[in-house]
Amino acid sequence: MEKATVSIKILRVEIGKIKDNALLVGFLKDKLSFDVELKKLDSNLNGVIGSYIKNGNFKGESGEVKSIFTNKDIKSIVLVGLGEEAKYSLYVLSNAIADASKRLRDNGTDSFSIFLESFNNGKFADEGLVEKVALSSLMALYKFIEYKTKDKDKAKWIKKITILTNSKQSFDSEIRYACTVADCVNKTRSLVNTPPNVATPRYIADYAKELAKQSGLRCIVFDERQIEKMKMGCFLGVAQGSVQKPRLVVLEYDGAGKRQKPIAIVGKGITFDSGGLNLKPYPYILNMKDDKGGAAAAIHIIEACARLRLPINLRVITPLCENMPSGTSFRPDDVLRACNGMTVEIKNTDAEGRLILADALAYAAEQKPQAIIDIATLTGASLIVLGNVGTPFVCTDENLRKKVNNASVKSLEKIWELPLWQEYEESLKSDVADFKHIGDEGEAGVITAAMFLKNFVKDIPWVHIDIGTTVWSKVDKGVLTKGATGATVRLMMKMLREWK
Ligand code: BES
Ligand code: MN
Ligand code: ZN
């Protein structure tokens, strides 16, 4: 299999002195001026850049990418529009670098250089800039071709990216951070993109074991019999309709002293969500392989933490199973008992995610972590609240909320909090069991799902992130490519890196 490995290097040299296929130069719309270095380069090129802009061929609009072919040491100068100065941000920068990287690759270029200073405009710290440039291009250049057999050798890849800077800093740690996070985002995407006939619970458990071996993590895989012993009746209820047996994977990383309580991350791992007996009709049943997005993210978040040797202790817990209709399926009206003893009345077998999470969250709470984070493709209603722009979350703790919001700004992953008002509890009341697992149809679906989960985390600070929508992209734009997005990996890494 052909694999894309992009190498990223920092080079301290004048832009006029390099040899490469292309040089990316950023321009704000309202500042199409040249600094000393660029002036020198332009005059070496007989003023082609200046006259190209003067003739109105490039305006610096956000999203604009224009190439000037020189056939000199730098074969083409690529002008990248950054839009208005007042609106310029790391987010704009990230999209600009991403789109330009893709454009160059698709034109058949296999290496390019980036004139870093032209993307700064006195706005950002160099460290942040280097990290975002590297991360954005590596994410943008991701392609999933595992299951293509035709024309594989014709696939285009960028092999080398050079970041040109005058700064005396090494940027080693920024590059290492960006490369590790990008790799883990992209591996998350590949696991989620892997078809459901391949990525079964057993496959993902084996995958986690292998990954643990490579990155020095402890890995415990519980099979069906052990899950029965643990009395995880809600998890088993969902799993019982499939011939694919469930697995519970626990990954452990200790980067801090024994006395520091761990942070627990729980990831929903439904390898295919048919809806069960409440079978999803076409076309809603399409793409339900993405229902393992939370588990895939959690597995690679702990991998990244281990590779970066973050000074925290971490536990990842992923319940893995398939939600299928059959003669052995669980049914509406069933009452299931979670491992903490609570009983749940089933109303719709398609609301399966919260059931497997109930047991996994209760298990996490037993480990007495300092915080519990769950990541789950939990509801279609997430599309209603925020569209496909951002990810809704809920949180029970002020300190944790600050951490999440701060990480969102820094990681460029948009998330927004919804309330956990007590009134929502009302709709989960059951006539026969401790509660139902769904609220009233069409009302506050993201929140009522969260309200149900809240019963299983005790009073441990908790954040629930619903990636039902943002796990998947329908467009090829900026750092996104069509398919799985690797949602929450960048966000969580920012949060865990600064964890105090
Ligand atoms: N995995 C789905 C949520 C989902 C749906 C994610 C579409 C992405 C796209 C989840 O298990 C589900 O089916 N949720 C139901 C809950 C309902 C039955 C209360 C939903 O959101 O429709
Ligand atoms: Mn479902
Ligand atoms: Zn689901």
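See the values below:
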read-out: Per-pair calculated FRET efficiency, R0 = 35 Å: Asn348 and Gln370 via Cβ, rounded to 0.05; value: 0.55
read-out: Region 96-214 shape via C-alpha gyration tensor axes, a/c threshold 1.5; value: oblate
read-out: With Cα atoms, 0 to 90° folded angle of helix 172-193 axis to the chain main axis; value: 50 degrees
read-out: Computed FRET value (nearest 0.05) for Ala125 with Tyr284, which takes r as the C-beta separation and R₀ as 51 Å; value: 0.65
read-out: Centre separation in Å (Cα based) which lies between region 1-63 and region 339-358; value: 56 Å
read-out: Folded to 0 to 90 degrees: helix 398-411 orientation relative to the chain principal axis, Cα; value: 40 degrees
read-out: For region 248-321 versus region 420-482, the gap between their alpha-carbon centres in whole angstrom; value: 16 Å
read-out: For region 370-395 versus region 178-199, the gap between their alpha-carbon centres in whole angstrom; value: 20 Å
read-out: Which of Thr188, Leu383, Ile265, positive extreme of dipole for the chain (C-beta unit charges); value: Thr188
read-out: Cα gyration tensor shape of region 182-497, rounded if a/c is under 1.5, else prolate or oblate by comparing a/b with b/c; value: rounded
read-out: Distance between modelled label sites at Arg309 and Ile384, nm, 7 Å Cα→Cβ extension; value: 4.9 nm
read-out: Distance between modelled label sites at Lys31 and Asn107, nm, 7 Å Cα→Cβ extension; value: 2.5 nm
read-out: Spin-label pair Glu61/Gln214, simplified geometry with 7 Å Cα→Cβ offset, distance in nm; value: 4.3 nm
read-out: Helix 293-307 vs. the chain, principal-axis angle (Cα, 0 to 90°, nearest 10); value: 60 degrees
read-out: Label zone at Lys458, where the point sits 7 Å out along the Cα-to-Cβ direction: region 366-407 residues whose backbone N lies under 16 Å; value: 366-373
read-out: Estimated [θ] at 222 nm from DSSP helical runs (n ≥ 4, -39500 (n - 2.57)) normalised by residues in the chain, nearest 500; value: -10500 deg cm²/dmol
read-out: At R0 = 51 Å, FRET efficiency that the Cβ-Cβ distance of Ser430 and Ser51 yields, to 0.05; value: 0.10
read-out: Loop-resident sites, region 104-177, for chymotrypsin sites (Phe, Trp or Tyr not before Pro), counting at most 10 other Cβ within 10 Å (DSSP); value: Tyr147
read-out: Relative packing of 366-375, 208-217, 318-327, which averages over residues the other C-beta atoms within 10 Å, highest first; value: 318-327, 366-375, 208-217
read-out: Cα gyration tensor shape of region 194-294, rounded if a/c is under 1.5, else prolate or oblate by comparing a/b with b/c; value: prolate
read-out: Hypothetical label at Arg12: residues of region 138-168 whose amide nitrogen lies under 11 Å (7 Å Cα-Cβ projection); value: 165-168
read-out: Rounded to the nearest 20 debye, dipole of the chain from Cβ charges on Lys, Arg, Asp, Glu; value: 1860 debye
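Just so you know, all these numbers are worked out from the coordinates, no wet-lab data involved. Here the structure is a predicted model, which means the values were calculated and not measured. Here the Cβ is made from the backbone with ideal geometry for all residues, glycine too, and neighbour counts use every protein chain on show.
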